[in-house]
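Report on the following structure.
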Amino acid sequence: MKKSLLLIPFALFAFTSSYLPNYSIDMHCDDLLHKTAMDICYSCKLKNPEAVVYQIDGNLISGYHYSRKHLYFKPDYSLPAKCRSYSRDYSHTGYDRGHNAPNAAFNYNQTLQKQTFKTSNISPQKPQLNRHLWAKIERFARYEARKYKKVSIITGSCGTIGNLGRKRHNINIPAWWYKIIFLPNGKTISFLTPNENRVGNDKMKKYVVDLKQVEDTCGFKIETK
């Protein structure tokens, strides 16, 4: 994969997540939301999460799974009104409501599962990316969790293509989606995909990159403490 020319200046803000305690994440967050199952670095300007940090427990995801059939996307009222997005903002836009922390990583627990359907955990994602390539990347993350018992993950999006809902809430359409898997042995596996339908049927390995490429493209830094 060719290195992106999209470079965003680093923001002088760092936070540590309980789901990734040995790392410092240098990234600007307008709101840092601490949920039961995830930490969300949220941008009020973009009305997207910049990053969502969570863990997948390989033992828990191997048990009973609750259906998502009766779950709906709901606004996150812990955010100020001016920062919130709503499920209706995505209707008839050509973009899916893309999970950052995926339902399938938490559907062993209905309370945690519902948290993944808050719009603070959602960003615009092209349908073919969301339903095919990204679904494969999420399955791979669960495979690694079963293999290593537990993995930590940062998922997010960056860059911009345009805005959704100009008459509503001006939700940013990200140019890129990324997922960084932190293994217990200290190694990482990173994916960086363009937010485009054309990548839907591509193989995962085409979008495996080193962590630095994700950092350079999206303008943040992850360092060991």
What's the number of the condition P49 fails, among (1) of a type outside the set (G, A, S); (2) touching a Cys at 6+ places or on another chain (Cβ under 7 Å); (3) under 24 Å from N201 (Cα atoms)? (3)
How many residues does the range 139-159 contain that are on the phi < 0 side of the Ramachandran plot, touching a residue at least 40 places away in the same chain (Cβ under 8 Å) and either of a type in the set (S, T, Y) or not in a strand (DSSP E or B) (or both)? 11
R166 vs (1) assigned to a strand (DSSP E or B); (2) basic (K, R); (3) without any contact (Cβ under 8 Å) to a residue 12 or more places away in the chain: all pass except (1)
Among (1) in a loop (DSSP other than H, G, I, E, B); (2) under 12 Å from the mean Cα position of the chain (by Cα) - the single one R97 does not satisfy: (1)
Lone qualifier among Y90, Y77 - being of a type outside the set (K, R), surrounded by 18 or more Cβ atoms within 10 Å (Cβ to Cβ) and over 17 Å from I61 (Cα atoms): Y90
Output yes when any residue across the range 63-80 is free of Cβ contacts under 8 Å to residues at least 12 places away in the same chain, at negative phi and outside any loop (DSSP other than H, G, I, E, B), and no when none is. no
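All of the numbers you see were taken from the coordinates with simple rules; none came from a lab. Predicted, not measured: the structure shown is a model, and the values here were computed from it. Here the Cβ is made from the backbone with ideal geometry for all residues, glycine too, and neighbour counts use every protein chain on show.
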